[in-house]
């Protein structure tokens, strides 16, 4: 972090799938993402899922000048919808079982919702249909970390570079604490989908270490007190190419969620972190 408390992300891009050194460019994506200091948009925020992540979100939101008008946990799940209506935006970090109900409550209250919970995407189409048909506001992401979203872009570009090099086998590894309920993680799924989109020899992913030739394996590990870690590994008989993201704490995810909430104030439609970060 520099003296202005900002983050600068650097991405490597290639113009086409076949690597050509003459076409290789460095694209600097500069986003001034201030962790502390007042936001230009002051809001009343609802936190739906006031657990460990919710408390970090609260801390960062208050640092940026926002107020928390509603905090929902296991003790007040049947909260009055009027409490939600006074909020400018909701941040949803509950559980796969509660996420869709919370999203629909936000739609009922006519406030935009930022959803960080994963494991509910089997119902994504229905949620998106309601959002569009009723002109509501939804931003969902498998990961709100600025660093992870940069990692997503690097991952896709690397997959494109590796496409003509069939001697490399690829796999995804993800490790989280034992309290994480869904496996594979939403982040690992997004990484896998980015690889499949650019790597012709893979057409699906499987949450297993033993997979068929056309499947991309995701190895999920749950270990006590470990940081969230995602690794993409390309391996041949002669070498290994690996990219890795390791979260040191929850602050990056929470900060990204607050950025997303600031972006969503007053907005209608469906958005992702690519919109927030202009990726």
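Out of all Cα-Cα pairs in the stretch 147-246, roughly what percent, to the nearest whole number, are more than 23 Å apart? Mind dumping the intermediate values first?
Details: 986 of 4950 pairs.
Every Cα pair in the stretch 147-246 considered, those over 23 Å come to 20 percent.
By how many degrees, 0 to 90 and rounded to 10, does the Cα axis of helix 124-133 deviate from the longest principal axis of the chain?
50
Using a 10 angstrom cutoff on alpha carbons, build the Gaussian network for the chain and name the most mobile of 56, 210, 146.
Taking springs between Cα atoms under 10 Å, the residue moving most is 210.
Taking only DSSP H segments of four or more residues, each worth -39500 (n - 2.57), what value at 222 nm results for the chain once the sum is divided by all its residues, to the nearest 500 deg cm²/dmol?
Computed mean residue ellipticity for the chain: -9500 deg cm²/dmol.
For the stretch 82-131, what is the Kirkwood hydrodynamic radius in Å, using each pair of distinct C-alpha atoms? Walk me through the numbers before you get to the answer.
On the way: mean 1/r = 0.0911 Å⁻¹.
When all Cα pairs of the stretch 82-131 are included, the Kirkwood radius is 11.0 Å.
Which length gain, in nm to one decimal place, applies between residue 104 and residue 76 when the Cα-Cα distance is subtracted from 0.36 nm times their residue separation?
On the way: separation 28, 0.36 × 28 = 10.08 nm, distance 1.68 nm.
Roughly 8.4 nm would be gained on extension.
Using only Cα atoms, tell me the angle between helix 146-162 and the longest principal axis of the chain; keep it within 0 to 90° and round to the nearest 10.
For helix 146-162, the angle is close to 30 degrees.
State the extension gain, in nm to one decimal, for the chain segment bounded by residue 208 and residue 177, taking 0.36 nm per residue of separation less the distance between their alpha-carbons. Present the calculation step by step, with values, prior to reporting the outcome.
Details: separation 31, 0.36 × 31 = 11.16 nm, distance 1.84 nm.
So the chain would gain 9.3 nm between residue 208 and residue 177.
Just to be sure I understand: with springs between alpha-carbon atoms less than 10 Å apart, which residue in 209, 57, 91 has the highest mean-square fluctuation in the Gaussian network model of the chain?
Judging by the Gaussian network model, the answer is 209.
So what's the angle, to the nearest 10 degrees on a 0 to 90 scale, between helix 186-198 and the longest Cα principal axis of the chain?
That helix lies at roughly 40 degrees to the long axis.
Between residue 44 and residue 238, how many nm apart are label points set 7 Å from Cα along the C-beta direction?
Placing both labels 7 Å along Cα→Cβ, they lie 6.5 nm apart.
Say we join alpha carbon atoms closer than 10 Å with springs in a Gaussian network model of the chain; which of 115, 100, 240 then has the biggest fluctuation?
The residue that fluctuates most here is 240.
Could you work out the equivalent-ellipsoid semi-axes for the stretch 43-132, taking the square root of 5 times each eigenvalue of the Cα gyration tensor, largest first, in whole Å? Could you put the intermediate results ahead of the total?
Values: eigenvalues 82, 42, 30 Å².
Over the Cα atoms of the stretch 43-132, the ellipsoid semi-axes are 20, 15, 12 Å.
At q = 0.07 Å⁻¹, what log₁₀ I(q)/I(0) does the chain have when each alpha carbon counts as one equal point scatterer in the Debye sum?
-0.27
Please arrange 264, 162 by how many other C-beta atoms lie within 10 Å of their C-beta, fewest to most. Display every interim value, and only then the final one.
Details: 264 26, 162 21.
Fewest to most other Cβ atoms nearby, the residues stand as 162, 264.
Sort 166, 220 so that the residue with the fewest other Cβ atoms within 10 Å of its own Cβ comes first and the one with the most comes last.
Values: 166 11, 220 18.
So the residues, fewest neighbours to most, are 166, 220.
Can you tell me how much longer the chain between residue 128 and residue 67 gets when fully stretched, taken as 0.36 nm per residue apart minus their C-alpha distance, in nm with one decimal?
On the way: separation 61, 0.36 × 61 = 21.96 nm, distance 2.82 nm.
Gain on extension, residue 128 to residue 67, equals 19.1 nm.
For the stretch 138-178, compute Rh as the Kirkwood radius over C-alpha pairs and then the Stokes-Einstein diffusion coefficient at 25 °C and 0.890 mPa s; write the answer in µm²/s, rounded to an integer. It would help to have the intermediate numbers written out before the result.
Numbers: Rh = 12.6 Å.
Answer from the Stokes-Einstein relation: 195 µm²/s.
So, in nm, how far is label residue 83 from label residue 229 when the simple model puts each one 7 Å beyond its Cα toward the Cβ?
Calculated label separation equals 4.0 nm.
All of the numbers you see were taken from the coordinates with simple rules; none came from a lab. If you're wondering where the values come from, they're calculated on a predicted model, not measured in any experiment. Neighbour counts are summed over all protein chains in view; Cβ atoms, including those assigned to glycine, are modelled from backbone coordinates with ideal geometry.
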